[in-house]
Amino acid sequence: MASVPVYCLCRLPYDVTRFMIECDGCQDWFHGSCVGVEEEQAADIDVYHCPNCEITHGPSVLKKRRGSQKQDVSVSREMSQTVKTGSPQFIRELRSRTFPSSDEIILKPSGSQLTVEYLEENSFSVPILVIKKDGLGMTVPPPTFTVSDVEHYVGGDKIIDVIDVVRQADCKMKLSEFVKYYNSPSRDKVLNVISLEFSETRLSNLVETPKIVRKLSWVENLWPEESVFERPSVQKYCLMGVKDSYTDFHIDFGGTSVWYHVLRGEKIFYLIRPTAANLALFERWGSSSNQNEMFFGDQVDSCFKCSLKQGYTLFIPTGWIHAVLTPVDCLSFGGNFLHSLNIDMQLK
């Protein structure tokens, strides 16, 4: 069987729905979204060089404007170079884009409606958004609770994992150092905390996971009291993100489902169905050497936008591919859990 031709930095087959531009150097074709060229800009380009050919042939050249005595000028750096995930330009472009609403795919029960029977009847195969926490059987601090309060209950000396959003790289710092940064009126970096597990701290006394999670969770219900294996601590996470924090597309670890509750601020989720085709594309994207130059949402059939506002709670089932943007400073809680409602997908 003949192999399907692939193109661009992302090495994907031709897709009629996506704009592409041909490089005058190597004659390969590139998705505009992968190389930072908008379709309407292409008409003004006389000679286009892809990022690789720029090195040997120089930057792209714009067409001469009629009546102008000036020589052709090079395409701007923003156009000719790829946009790095997490960069200020990336965040600006992401904010300005439109996506299909998650209302097309999610369920929206009330807190009291979200029971095991409800999930058995409707299945837990699509995300669930609960607007008000009433009836969820969940306990969280009041919205006046701050990151300084998190430090008080967890301890400022605790070493935490922090993501440098622009670099998309992890680093470690004391919780007290992060809180000082978070509360600073001037921040020189965009830092994000998404993995502060606090089950063994005093903060745990202030947070009770949603009742449906406690009923479904294998760890909560089936983990033996006396086990040679340590009980997983993944039930209670505190997430602290400043404006423009971004977590790239991922699937939650170990086949787990996940819940999020926004205590202060807002988070925007970009949700992708875990179809066989999308999972195959995700695996290819995840192993690509230029993953941080490609927005995965452009490579699938549909990417849905879900705004999780203050007081909202979101449940994402096993396997769903998602990214998260923090449009304003945000403090939220969440946790992961395995259950019996979607075992086939969990095993994948």
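The values are calculated or read from the model by the stated rules, or taken from the named source; none is laboratory data. Keep in mind it's a predicted model, so treat the numbers as computed, not measured. No Cβ is skipped: glycine too gets one built from the backbone with ideal geometry, and neighbour counts run over all protein chains shown. Ligands, DNA and RNA are excluded from the accessible area calculation, which covers all protein heavy atoms including side chains. Shrake-Rupley method; radii C 1.70, N 1.55, O 1.52, S 1.80 Å.
Values as computed for the structure displayed
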item	result
Contacts under 7 angstrom Cβ, first residue in region 149-169 being over 23 Å from Asn205 (Cβ atoms), partner aliphatic (A, V, I, L, M) and assigned to a loop (DSSP other than H, G, I, E, B), 6 or more apart	Val165/Val190; Val166/Val190
Of the criteria (1) hydroxyl-bearing (Ser, Thr, Tyr); (2) buried (at least 22 other Cβ atoms within 10 Å of the Cβ); (3) under 30 Å from Pro185 (Cα atoms), which one Tyr260 fails	(2)
Selection from region 8-55 of residues that are in contact (Cβ under 8 Å) with a residue 24 or more places away in the chain, under 26 Å from the mean Cα position of the chain (by Cα) and in a strand (DSSP E or B)	Leu12, His31
Of all residues making up region 116-130, the number that are touching a residue at least 24 places away in the same chain (Cβ under 8 Å) and open to solvent by 70 Å² or more (accessible area, probe 1.4 Å)	1
Search result, residues across region 146-159 that are surrounded by 17 or more Cβ atoms within 10 Å (Cβ to Cβ) and part of a loop (DSSP other than H, G, I, E, B)	Thr146
Some residue of region 97-106 being modelled with pLDDT under 90, in a loop (DSSP other than H, G, I, E, B), more than 17 Å from the chain's Cα centre (by Cα) and surrounded by 16 or more Cβ atoms within 10 Å (Cβ to Cβ)	no
Output for region 268-309, where each listed residue is touching a Cys at 6+ places or on another chain (Cβ under 6 Å), of a type outside the set (A, V, I, L, M) and either open to solvent by 40 Å² or more (accessible area, probe 1.4 Å) or not in a helix (DSSP H, G or I) (or both)	Phe269, Tyr270
Sole exception among (1) modelled with pLDDT of 95 or more; (2) loosely packed, with under 15 Cβ neighbours inside 10 Å for Arg92, by number	(1)
